[in-house]
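Single-structure report; data block below.
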Amino acid sequence: MFFGKPSFQSPLAKELWHMTLPMVFGIFSLLSFQLVDSAFIGQLGVQPLAAQGFTLPIQMIIIGLQVGLGIATTSIISRALGANNTQYARQLGGLVLLIGGVGIILFCLFIWVYWQTILSFLGAPQSLFGVIERYWPHWLLSAWLGAFIYFLNSICRANGNTMLPGVMMVVTSIVNVILDPLFIFTFGLGLNGAAMATSCAFLVGIIMAMSKIWQSHWVCFKWSNLDIASSVKSISHIMGPALISQLLPSISAVLATKLIATFGAVAVGAWALGTRFEFFLLVVVLALTMSVPPMVGRLLGAKDYHQIEALVGIAVKFVLLLQVFFALIAFVFSGLLAGWVTSDPNVEDSLRVYLMIVPISLSSLGIGMLMVSVSNAMGHSYVALTMSALRLFAFSFLVFGLVLGLVI
């Protein structure tokens, strides 16, 4: 099925494209906003940049929690809708908002209570403690709002609406870019202003999402006939492995950096720049990992396994063809791209070689990411976790070891 003639003109393919395109624009806008946000903070000096740097590990954990619950949300709600159990889907939506909202608040409170211990563990110098003490309350609020808007997006996607999440990501990114210079420079709030601007942008997105979700009756807080314990168990069954899967890339990146560091600082610099290019090249794949699961969940709920196979086949072939095309573009323009992002000739040479070779592997990486999302959507969360672990550790470091052995 996967290797037959691509059915890109079929109704299923058109629905997939319709659901994926808004997410492509949304993810791209978020990526652009993060780059602009970092550029503004970079103008404040070394201390604000360092404070943001020590925030990133905690942010990764919060993102892991919200994405893990978001994956579970999309999976169980879309399956309930596929089985025409609309009331149960609405009740699950309300339950997810309660669990996610309260859970992230408790985690943020824990971070604030033990912020000094956490910073000491991370190795932050005492000179940064004052900056971070003033910054983290504002940042934690923005982190909670960001997590809540992610839960709302997950409910929208589970109900087959990817247009609203895509539009929300674009709108919040634009609002944030507009407010950043005002809060940071015009109002003189500095690093704290960056977090405040993000909070305001997320509030705009939450209002947009809640308005649509409430009008569409996608959530319900009446649980008198709901087996809450069983529902929470179903959510945690998918969320647990998905959360671990989200945290594995951070561990893998740390280990990979240590291995690459044996080649010297030039190699580390080129690798860091190369991974940023990879994110841009994988934007469509990331969008597919958000649009395919709710479609699979609904088809699974309807027990339409033939359509699931057809859908996954279309997505796999599309990823394969698209990433090969991107790899050819990266190969042809490798010299131009490398010269654009660095002025160091040694880093430029290493990055040019990187862009000529590595992007061809993104087709298989994209397919792997897609299969993990499909497995989670079908409730096979431990299979998804196993695939992620094998990709990030067993296979990746086998290749690293072989390369190091040949070089050393």
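Across the chain, the mean sequence separation of Cα contacts (distance under 8 Å, 6 or more residues apart), normalised by length, yields a relative contact order of 27 percent. Structure remark: mean-square fluctuation, Gaussian network model of the chain, C-alpha springs under 10 Å; the largest value among Phe277, Phe110, Phe54 belongs to Phe110. Classified by the C-alpha gyration tensor, the stretch 14-158 has an oblate form. Its axis ratio a/c, with a ≥ b ≥ c, is 1.5 or above, and a/b does not exceed b/c.
With a probe of 1.4 Å, find how much accessible area the stretch 279-377 has per residue, and write the answer as a whole number in Å².
For the stretch 279-377, the solvent-accessible area averages 43 Å² per residue.
Here the relative contact order of the stretch 272-357, from alpha carbon pairs under 8 Å that lie six or more residues apart, stands at 32 percent. Applying 0.36 nm per residue to the separation of His217 and Met356 and subtracting their alpha-carbon distance, the gain on full extension is 45.0 nm. A protection proxy built from the mean count of other Cβ atoms within 10 Å ranks the segments 199-208, 74-83, most packed first, as 74-83, 199-208. Past 31 Å, Cα to Cα: identify those pairs from Lys14/Lys212; Lys14/Lys233; Lys14/Lys222, in the order given. Distance filter (> 31 Å) returns Lys14/Lys233; Lys14/Lys222. Taking each residue as 0.36 nm, the span from Val383 to Ile61 lengthens on full extension beyond its C-alpha to C-alpha distance by 113.7 nm. Across Val170, Val219, Val358, mean-square fluctuation computed from a Gaussian network of the chain (C-alpha pairs under 10 Å connected) peaks at Val358.
When you restrict to C-alpha pairs under 8 Å that are six or more residues apart and normalise by the size of the stretch 112-218, the relative contact order lands at 33 percent. Estimated at 0.36 nm per residue, the fully extended path between Leu49 and Phe25 surpasses their Cα-Cα distance by 5.9 nm.
When the helices of the chain are scored as -39500 (n - 2.57) per DSSP H run of n ≥ 4 and the total is divided over every residue, the value at 222 nm lands at -28500 deg cm²/dmol.
Most fluctuating residue of Trp144, Trp218, Trp340 in a GNM of the chain with Cα springs under 10 Å: which is it? Between Trp144, Trp218, Trp340, it is Trp340 that shows the largest mean-square fluctuation. Could you let me know the centre-to-centre spacing of the stretch 301-322 and the stretch 106-181, using Cα atoms, in angstrom? Using only Cα atoms to place each centre, the spacing works out to 34 Å. Looking at the stretch 106-261, the accessible area is 47 square angstrom per residue; that uses a 1.4 Å probe and ignores ligands, DNA and RNA.
Computed over protein heavy atoms with a 1.4 Å probe, the carbon and sulfur contribution to the accessible area of the chain reaches 71%.
The values are calculated or read from the model by the stated rules, or taken from the named source; none is laboratory data. All values reported here derive from a predicted model rather than from experimental measurement. Backbone-built Cβ (ideal geometry, glycine too); neighbour counts: all protein chains shown. To get the accessible areas, we keep the full protein, side chains included, count just its heavy atoms, and leave off ligands, DNA and RNA. Shrake-Rupley method; radii C 1.70, N 1.55, O 1.52, S 1.80 Å.
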